[in-house]
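Take a look at the following structure, please.
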Amino acid sequence: MMKNSIADVGCDDLVMAAHCNPPLTTIDQPKYNMGRLAMQTLRQMLNHQRPPMGGYTLMESPLIIRESSGPCLRN
């Protein structure tokens with residue numbers, strides 16, 4: 001018989017996420033780089049230039065694994 005389990009994942013890696021019970025697994029979004037890129041794209045659009053790569057950008061966002069997620073538990 002298998003027990004039901006839930007894995008919980010948040011975003012932004014807020015300081016309080018590490019202090020929850022259980023500590024929350026989060027995705028650490030690169031907020032500074034996202035803002036910088038948004039401003040660069042806005043400037044380009046105001047100057048009637050096309051954004052690079054058609055406006056699509058992939059940014060690395062590390063997964064911070066804590067106790068709120070993990071492998072499925074089996075009996």
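If Lys and Arg each add +1 and Asp and Glu each add -1, what is the summed charge of the other residues whose beta carbon sits under 13 Å from the beta carbon of ALA18?
On the way: positive: ARG66; negative: ASP12, ASP13, ASP28, GLU67.
Once positives and negatives cancel, what remains is -3.
Give the shape of region 1-40 as rounded, prolate or oblate, defined through the alpha-carbon gyration tensor: a ≥ b ≥ c are the square roots of its eigenvalues, a/c under 1.5 means rounded, and otherwise the shape is prolate if a/b is larger than b/c and oblate if not.
Verdict is oblate for region 1-40.
Roughly how many nanometres apart are two label points built 7 Å out from the Cα toward the Cβ at GLN29 and GLU67?
According to this spin-label approximation, the distance is 2.7 nm.
Sorting check: for 13-23, 40-50, which peptide has the highest mean count of neighbouring beta carbons within 10 Å, and how do the rest follow?
Listed from highest to lowest mean packing, they are 13-23, 40-50.
What's the extension gain from HIS19 to TYR56 if we count 0.36 nm per residue and subtract their Cα-Cα distance? Walk me through the numbers before you get to the answer.
Working: separation 37, 0.36 × 37 = 13.32 nm, distance 3.46 nm.
Length gained between HIS19 and TYR56: 9.9 nm.
Values in this text are rule-based calculations from the coordinates and carry no lab data. Small disclaimer: the values here were computed from a predicted structure and weren't measured. Cβ sites come from the backbone with ideal geometry, for glycine too, and all protein chains shown count toward neighbours.
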